[in-house]
Structure formats: C-alpha cells, structure tokens
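Report on the structure given below.
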Ligand code: GCO
C-alpha cells in the first residue's frame, strides 16, 4: 500500500489556542489531511464548542478541551484525559499565544512575564507532558508557532519578540533532545497575517498597514489558510528527517531589506 507522504489519516493532533485565527486555520488543514483534531481553548467553553462545531461542519473529526496552557497541573490532567478519550497524541501544535504592545521602558513587569508565560513557558509545559507518550511510542511531531519576531524586533513588541526568539531556540533544543526517539520538532514562523491579533494595526489607512504591504514582497497580509501547507508538511511523513527548522511563511518579508517608497 503506498503511503501518501502528506496523509494524516489515523493521527491525533492537539492544537493549543485553536479556537480562532491561525490555530483554527491550521487545525482545519490538519483535519482535512485526515487527522482527528483536538482543539484547546483556555477561557470560553462557548467559543470552544463553536470551533469544534465549525470543524465538524467541514467533515473533520474534532474534539474540544478547555484548559490553561500555563497551568502545569491542568495541562497534565488534560493530556491524560485527551489520551484516554480521543487517543495518543501524535502531533502537537503549540499555537496558543498572546501579545501586549508597549514601549519596553513603560511596560509593567507583570505584563512582560505574562507574554513570556503564554508564548514561551506554556509550549515547554505542554510539550513536556505530550512528549512522554511520544518517547514511549518512538514517534511524534511537535510544531512550535514562532513568528518573524523570532528573527526581527519591532518597536512596542519587545516581550513578544523575546518570547518568540526564545521559542525558536527552544524548538532547536527540543529537536536536539528528542530526535533520537523519532520525534521531529520544528517551528512555523508566520509573517504578518490578517487575524484578530493584528486587527488594531491593520485597519485601512493605518500607517502600519501601508508599511507592511510595502515591506512584504508579496504585497499583502497573509491569510490564515496560507499556513495550512506548512502545518500539514511538518505534521506528516514528508518531514520525517527535518528537525529544528523554522519554516517562515511570510510572503518574503524576511528575504529583503525592503525598497524605497517610490520604487515598484
Ligand atoms: C505586531 C504583530 C506581529 C505579528 C506576528 C508577526 O504587532 O508586530 O502583531 O507580532 O502578530 O507575530 O510574525
């Protein structure tokens, strides 16, 4: 029987923060490729139920679990529950994330720590508890959702860039420690995407909106569905010898220093 390189049939995938935006898009792509999809939300049962229903309406076998990814006790209990009720987790997408925009000199330490907790510590916590089963089974895929801020800074997103830069290096360390168990750990680094997180800086006429369109060779914001290919690839057999790699899905923004405003 020929195994299709990108077929995820029979796999179980957990996507943290999967109720909306990039997480929902990747959950949909992974589900359409055949996996059972377990969506994590951390606050609203209603939003979680809606997200699961949205996946089911597309023919995806979906489940929802509400837990705070920064709370190790809740994570440990939820992973056990998921593995009992749905099945062993083959694919983990650490997507849950927040951003707080503030000039560093004005940023409250508590706010800085909150961003680090969700965007960097939580992927460590969730991976630590999911990988134990993957090590036993000698098989697994972990995908950390980094950012182009894993590579570049920007005014007002210092905490977020520090977290996402750390997540890039945590990804490489997970790969280093777990590849010998046939577990591939990689990252996806989105560029600028049209999501609720970027809504405040994307409205028509906002200087940042014009800046990003000018700075991105593809000349547009990304659509969350543009991440589905990378998510399926890093979840599938097609990436079995790829470790510690961050796949940037950014319309080319990291490839260029940009161009003068009057240049086509
Ligand atoms: C910002 C944006 C970015 C994007 C994304 C870029 O304020 O600059 O929110 O952080 O969300 O992470 O990769």
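Structure notes:
- When the alpha carbon gyration tensor of the range 1-96 is reduced to an equivalent ellipsoid, its three semi-axes come out at 21, 15, 11 angstrom, largest first.
- Choice from 153, 244, 205 showing the highest fluctuation, given a GNM over the chain with Cα pairs closer than 10 Å: 205
- Candidates 140, 166, 18: whichever shows maximal mean-square fluctuation once the chain is modelled as a Gaussian network with Cα springs under 10 Å: 166
- Alpha carbon centroid spacing (whole Å) that separates the range 183-246 from the range 85-118: 17
- Relative contact order of the range 1-118, pairs being alpha-carbon contacts under 8 Å that are 6 or more residues apart, as %: 27
- The chain, relative contact order [Cα under 8 Å, separation at least 6], %: 19
- Added length on full extension, which subtracts the Cα-Cα distance from 0.36 nm per residue, residue 85 to residue 208: 39.8 nm
- Its alpha carbons give the chain an Rg and a Dmax of 18.1, 60 Å.
- With R₀ fixed at 22 Å, the C-beta to C-beta distance from residue 139 to residue 177 puts the FRET efficiency at about 0.90.
- Over the chain, dividing the summed -39,500 (n - 2.57) contributions of all DSSP H runs of at least 4 residues by the number of residues returns a 222 nm mean residue ellipticity of -12000 deg cm²/dmol.
- For the options 207, 224, 190, a Gaussian network treatment of the chain with springs between C-alpha atoms closer than 10 Å singles out 207 as fluctuating the most.
- Structural descriptor for the range 126-264: relative contact order 29 percent, calculated from alpha carbon pairs under 8 angstrom and at least 6 residues apart.
- Kirkwood hydrodynamic radius (C-alpha pairs) into Stokes-Einstein, the range 123-240, 20 °C and 1.002 mPa s, D in µm²/s: 135
- Approximate spin-label separation residue 106-residue 58, in nm, with each point projected 7 Å along Cα-to-Cβ: 3.8
Bear in mind that the values in this text are calculations on the coordinates, not laboratory data. Please read these numbers as outputs of a predicted model, since none were measured by experiment. Cβ coordinates were reconstructed from backbone atoms using ideal geometry, including for glycine residues, and neighbour counts include every protein chain displayed.
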